[in-house]
Structure formats: C-alpha cells, structure tokens
Amino acid sequence: MQPDFPDMDELNQDIVIPIKGLPLGESSFRFEIGKPFFQAFENSQIKEADCSVKVRVTRYQTLLEIVCEISGFVVVECDRCLEDLTLKVDVEPRLTVGFTHLEVGEADSGAADILVVDRSQSELGLDQFVYDYVCLSLPLVKAHPEGKCNPEMLRYITDREGVEGTPKESRPFEGLKDLLKNRNN
C-alpha cells in the first residue's frame, strides 16, 4: 500500500523541544516530518517521507529522559531496480540528557544515547537524533520483495548476451583459464 504523502508545507522541518522552564514530570510533543526534513541532511538516501514523531520528555532535577516514537513511511531507491521503494518506519529510540555548565571549548560527553548540554540552553534540537534513528531503522539491503522489481530493469541487468561477445582485452581474467588448463596437463 502506497501512503498518501501530505503537502510538504504542512510539515515541520525542525524538531525542537523547549527545556528551559519545562516542568518536572512528563511532557509530550508531536511533530510531523517529511521530505524537507530529510533534504536538510546532505546526501540523504530518503527521497520522500511521511513520519510522525511523538516525543515524551520526563524531566527530573538533574536530567531529562526522552523517548521518541517515530512511525510512518519513507521512500528510498531500490538497490536492485533503482525504482522508488516505500518502507515502513517504526522505531522508539531513547535519549538521556544531562545538564552542566560547559566551559568554552569543552564538548559534550560523546557517549551513545547520552547528551550533555549547558544549563543555559533554552531549547534542544533533536533533528540529527531523529534522522539517524530513521536511517538506522532501514534494512541494510533496500529492495522490493521478489518479483516486484521493475521487470525491464531486471532484464537489462540479467541480460548476458553482450558478456560472451566482449573482446578478450576487456576481460582481464581470461588468461587465468589458460593457466589452469596448462597446470592440469
């Protein structure tokens, strides 16, 4: 089933949550992301998207626990036939955010799924976090189910007529056959 992608002007391009003044306990935010969100990242493999991002933030005195429920569809290029392939996205990554007073030149902790931000920061951008987890949720080999690829492209790929008729110079391992024959004799 091909999803109906909404008008891109209706979708958010940034996933930003306020952290200054956030009350203790749980707060929820909802974002809709699409093609403009993914186009903001250089060399994105995602051509089209319609995803819902539900962010649950639990604030404690010294940290935030963030759970993002990301669900929807993305369109990528099929690795086999190069046609558009729609894939379902359903992932729920978690992030822990700690607060500190950072000195100039001091970086965050760098640990996976743990982020340290300066106490003076008023907002937290989750764009990179969401983008990374959507991309990580995609299969390693992105291909249509067997028999669903573009048949004309598959015929072109599997056409072996030109292979046998190629000149000997363009087949660098052709000489190895002769070596095997000579060795067996």
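We did not get these values from a lab; they are worked out from the coordinates using the rules stated. Worth saying up front: this structure is predicted, and the values here are computed from it rather than measured. Cβ atoms come from the backbone with ideal geometry, glycine included; neighbour counts cover every protein chain shown.
Tabulated data for the structure shown
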read-out	value
Cα-centre dipole for the stretch 21-87 with unit charges at Cβ (Lys and Arg positive, Asp and Glu negative), debye to 20	340
Residues of type lysines that Lys88 reaches as a straight line, Cα spacing below 20 Å, ignoring anything fewer than 8 places off in the same chain	Lys35, Lys47, Lys54, Lys142, Lys148
Karplus-derived 3J(HN,Hα), 6.51/-1.76/1.60, for each residue of the stretch 57-73, Hz, glycine and proline x	10, 10, 9, 10, 4, 10, 7, 10, 10, 10, 10, 10, 9, 10, 9, x, 9
Check: the stretch 56-103 dipole with +1 on Lys, Arg Cβ and -1 on Asp, Glu Cβ, in debye	300
